[in-house]
Protein chains: 2
Amino acid sequence: MAQQPTNQNTLPVTQRSIETFLDDLASGNPTPGGGSAAAIVGAMGAALVSMVCNVTIGKKGCEGVEGEMRAILHESEKVRRRLTAMVGEDIAAFESIMAAYKLPKATDEDKAARAAAIQAGLRRATEVPLDCARVCSEVIALSRRAGEHGYLNVISDAGVGVLAGFTGLRGAALNVFINAPALKDRAFAQAATADLGQLLERCAAESEAVYALVRDRLG
Amino acid sequence: MAQQPTNQNTLPVTQRSIETFLDDLASGNPTPGGGSAAAIVGAMGAALVSMVCNVTIGKKGCEGVEGEMRAILHESEKVRRRLTAMVGEDIAAFESIMAAYKLPKATDEDKAARAAAIQAGLRRATEVPLDCARVCSEVIALSRRAGEHGYLNVISDAGVGVLAGFTGLRGAALNVFINAPALKDRAFAQAATADLGQLLERCAAESEAVYALVRDRLG
């Protein structure tokens with residue numbers, strides 16, 4: 001069956017090649033941007049946790065932690081799927097804001113509808129990275145469990161995993177901080193940034209502890 | 001012209017789709033691992049710096065920084081290409097170690113040749129992430145320049161860029177730390193880890209300063 005060469009631009013971002021994604025990220029086009037990059041980095045963290053589990057499961061001498069590794073793997077794969085899906089959600093939220101700005105503003109009715117559409121888009125562009133930040137905090141918690149019990153030869157991958165999880169979290173946080181100030185629903189905006197502040201503080205300490213744990217186990 | 005569906009497994013890693021790369025990373029296969037992930041995260045950081053430059057160049061009100069943005073972009077694109085190429089170098093180094101372990105060890109001559117091949121592979125698997133760490137430190141320096149002078153609406157991307165650069169650096173460092181102890185050339189191993197220690201310390205402070213600068217500019 002004849003098949004046309006794949007046009008990478010018509011593919012969802014996560015189905016494009018890494019090189020194409022990097023080209024798109026580097027370009028002056030508004031999407032994909034830092035929010036998508038944060039979600040992908042978080043997904044890489046989850047994938048590295050899964051790798052530690054997959055290598056440890058069935059390894060001689062690691063029988064005692066096999067149950068724990070299977071439990072971590074179940075969670076890390078769920079988290080990876082969730083973060084991968086967020087790339088598309090982040091882009092959709094951003095595009096809805098840009099579409100809202102293009103709505104007509106001839107009448108007062110137009111203006112009100114346009115302002116409401118902009119606010120709805122901004123809210124979504126705050127909720128998605130907030131959700132991304134929360135899911136990235138799960139990557140950090142899973143990295144700790146994988147780092148504590150995983151097979152020693154792949155333990156550095158749990159260390160890269162926790163760094164990726166925390167970078168996904170902080171990167172997503174910047175996208176909340178850039179969008180929340182423009183939200184008219186101040187109660188939601190303030191609750192979102194306050195929640196995020198606590199999450200950042202807790203996860204900064206937790207990430208450093210996991211990195212130190214991995215470095216210690218490396219000797 | 002008929003074209004066969006692309007078999008992703010025969011493609012170089014960076015030409016595979018992001019989803020396929022994440023699947024490969026999560027699998028129990030030894031490559032790609034944390035070293036490749038670190039190089040890709042660093043390349044994402046460089047791409048985000050390029051994005052800030054590309055959006056700022058030609059923007060009304062940003063004429064005064066256009067020369068600086070073009071200079072940063074020239075560097076960030078060089079750094080991105082270098083880090084993208086390192087993914088393949090990291091995998092080749094790892095595979096050369098695995099191949100060396102499979103060499104015959106029947107005679108003393110065999111054993112000496114095998115030990116030398118293992119050492120050569122380990123040295124390469126130390127040099128590549130050390131080089132990756134150094135290039136990631138350039139991503140951090142470029143993020144600062146982009147963060148200071150870039151167009152305000154994309155400044156959060158410089159913030160995600162610096163986080164990605166530092167995570168690439170720390171992730172690469174873990175791969176040096178896991179391989180250097182097994183090197184028989186102790187002078188090289190100690191110089192490598194000492195250099196890296198200084199780089200990590202300097203870049204930790206620099207990264208936090210850039211992140212804070214971006215957060216301040218976000219208001």
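The values are calculated or read from the model by the stated rules, or taken from the named source; none is laboratory data. Predicted model, so just to flag it, every value in this text is computed and none were measured. Positions of Cβ are backbone-derived with ideal geometry, glycine not excepted, and every protein chain shown enters the neighbour counts. Surface accessibility is based on the protein's heavy atoms, side chains included, excluding ligands, DNA and RNA. Shrake-Rupley method; radii C 1.70, N 1.55, O 1.52, S 1.80 Å.
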Scattering curve values for the range A:40-93, log₁₀ I(q)/I(0), Debye with Cα scatterers, q = 0.24, 0.25 Å⁻¹: -0.82, -0.86
Percent accessible area from carbon and sulfur atoms, the range A:1-87, protein chains only, probe 1.4 Å: 49 percent
At 7 Å out from Cα toward Cβ: B:D110 inter-copy label distances (nm, ascending): 8.4
Residues along the range A:7-30 losing 40 Å² or more of accessible surface when the other protein chains are present rather than the chain by itself (probe 1.4 Å): A:T14, A:I18, A:E19, A:L22, A:L25, A:A26, A:G28
In nm, spacing of pseudo-spin labels at A:L152 and A:L218 (7 Å Cα→C-beta vector): 1.5 nm
Heavy-atom accessible area per residue - the range B:5-65, 1.4 Å, Å²: 34 Å²
For the range B:124-163, residues shielded by at least 10 square angstrom of accessible area compared with the chain on its own, probe 1.4 Å: B:N153, B:S156, B:D157, B:V160, B:L163
Contact order relative to length of the range B:1-93, as percent, for alpha carbon pairs under 8 angstrom and 6 or more apart: 34 percent
Nearest 10 degrees, 0 to 90: helix B:186-218 Cα axis against chain B principal axis: 20 degrees
Debye, to nearest 20: dipole size of the range B:162-219, +1 on Lys, Arg Cβ, -1 on Asp, Glu Cβ: 120 debye
In degrees, nearest ten, helix B:155-179 long axis to first principal axis of chain B (Cα): 20 degrees
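Quick one: pull the percent of accessible area on the range A:94-219 belonging to carbon and sulfur, 1.4 Å probe, ligands and nucleic acids left out. Mind dumping the intermediate values first?
Working: 3100 of 5620 Å².
Answer for the range A:94-219 is 55 percent, counting heavy atoms of protein chains only.
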Simple label model, 7 Å out from Cα along Cβ direction - B:A115 to A:A92, nm: 6.1 nm
For A:F94, solvent-accessible area (1.4 Å; no DNA, RNA or ligand), Å²: 80 Å²
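Could you order B:Y211, A:Y101 by accessible surface area, starting with the largest, using a probe radius of 1.4 Å?
A:Y101, B:Y211
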Rule-of-thumb Rg ratio for the range B:1-120 [Cα; 2.2 N^0.38 Å; N residues]: 1.54
The range B:137-219: relative contact order as a whole-number percent, Cα under 8 Å and 6+ apart: 46 percent
Solvent-accessible area buried by B and A, counting both chains, probe 1.4 angstrom, square angstrom: 4800 Å²
Inter-centroid distance (Cα atoms) of the range A:27-101 relative to the range A:149-203, Å: 13 Å
Chain A: relative contact order as a whole-number percent, Cα under 8 Å and 6+ apart: 26 percent
Of every Cα-Cα pair in chain B, the percent that sits beyond 27 Å: 42 percent
Per residue solvent-accessible surface (Å²) - the range B:96-165, probe of 1.4 Å: 43 Å²
Between helix A:34-56 and chain A: long-axis angle, C-alpha atoms, 0 to 90°, nearest 10: 20 degrees
q = 0.08, 0.12 Å⁻¹, the protein assembly as shown: log10 I(q)/I(0) [Debye, one scatterer per Cα]: -0.45, -0.97
Karplus 3J(HN,Hα) series, Hz, for the range B:7-23 with 6.51 cos²θ - 1.76 cosθ + 1.60 (x for Gly, Pro): 8, 4, 5, 8, 7, x, 3, 6, 9, 7, 5, 4, 5, 5, 4, 5, 4
Nonlocal amide H pairs with B:L11, under 5 Å, H built at 1.01 Å: none
Histogram of C-alpha separations across the range A:114-210, 10 Å bin width, %: 17, 41, 24, 13, 5, 1
The range A:1-109: trypsin sites (Lys or Arg not before Pro) in DSSP coil with no more than 11 other Cβ atoms inside 10 Å: A:K60, A:K102
